[in-house]
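Worksheet for the structure shown next.
The values are calculated or read from the model by the stated rules, or taken from the named source; none is laboratory data. Because the structure is a prediction, the values reported are computed rather than measured. When we count neighbours, we look across all protein chains shown, and the Cβ atoms used for this are built from the backbone with ideal geometry, even at glycine.
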Amino acid sequence: MENKGRILLTGMSPETVERFQPDLVEAGFEVIVEPDAGRATEHLDKRGFRAIVSYYPLETGHLGAVLDAMRVKDSPNYGTGLVLLVRRDRLRAAAGLVGRGVNKALSVEEAPVVLRIVLERLIEVAQPMVLRLPLAIEVSAISGRNRFDWTTENLSGSGMLIGTPDPPAMGTAFRFTLFLPEGEIEGDGVVVRQTFEGREAVGGFGARFLGFYKNGQARLLSFLRESGE
């Protein structure tokens, strides 16, 4: 069976773990369980995970502690995805955290297979890598097009982190040109989050790719694979 990597389950009751863990193990994940979300930060400091699944809400301050442990400079989980399991009646509140350190909020009443699919999709794209590459972004506005010459801080097959003291607003769409050593890649993206001030080593914003021109996506994924070797 394919080993899909290590994931961490935290903050949830034994009954919830028992409901979701068997399907994840059967799918090829190595599952580490830490019921205490406060102690989960010890795992995050020492070991890298492909994904983290946490119950929500946690005890006061613990989600912030988990995010701090994940996003600190040189953390082995800097680019790791975070999924929240939450009661259906609180799903809307949890969904408000998506794009602010959280990748997905999912109802705990969903079937275990749904969580497995979410995790498989979350990790199927190349993990973010620290890559400083020149980047040009054009933002359309009523007053015309504004061009910004920035640098990527982290790059993956699904998006990028850009360092800037003046990030665009959440939801801003833009056209980009990414300057790889092998040539330019063009596409469209959207701002999905701004970095946590004081929590992350880089000030700026995270962007998700919406689409590429010509064979840009294939070239980017090939570049990432070669850079990770």
* Asked: What residue, of Leu122, Leu115, is assigned to a helix (DSSP H, G or I) and over 18 Å from Ser13 (Cβ atoms)?
  -> Leu122
* Output the number of residues of the stretch 94-112 satisfying the condition of being touching a residue at least 12 places away in the same chain (Cβ under 8 Å) and either more than 22 Å from Ala169 (Cβ to Cβ) or part of a strand (DSSP E or B) (or both). => 9
* Go through the stretch 1-35 and give me each residue that's more than 18 Å from Val108 (Cα to Cα) and either in contact (Cβ under 8 Å) with a residue 24 or more places away in the chain or in contact with an Asp or Glu (Cβ under 6 Å, 6 or more places away or on another chain) (or both). => Met1, Glu2, Asn3, Lys4, Gly5, Arg6, Ala27, Gly28, Phe29, Glu30, Ile32
* Does at least one position in the stretch 40-49 carry a residue that is touching a residue at least 12 places away in the same chain (Cβ under 8 Å), over 26 Å from Gly157 (Cβ atoms) and in contact with a Phe, Trp or Tyr (Cβ under 7 Å, 6 or more places away or on another chain)? -> no
* Structure fact -> Across (1) among the polar types (S, T, N, Q); (2) surrounded by 14 or more Cβ atoms within 10 Å (Cβ to Cβ); (3) free of Cβ contacts under 8 Å to residues at least 40 places away in the same chain, Ser156 clears everything bar (3)
* Selection count where residues are at pLDDT below 90 and acidic (Asp, Glu), scope the stretch 18-37 -> 2
* Structure fact -> Residue count, the stretch 81-93, condition buried (at least 20 other Cβ atoms within 10 Å of the Cβ) and over 15 Å from the mean Cα position of the chain (by Cα), comes to 2
* Asked: Identify, please: which residue in the stretch 160-199 is in contact with a strand residue (DSSP E or B) (Cβ under 7 Å, 6 or more places away or on another chain) and among the aromatic types (Phe, Trp, Tyr) and is, among those, surrounded by the most Cβ atoms within 10 Å (Cβ to Cβ)?
  -> Phe176
* Quick one: Ser140 ticks every box in (1) farther than 27 Å from Thr80 by Cβ; (2) modelled with pLDDT of 85 or more bar one, so which box is it? -> (2)
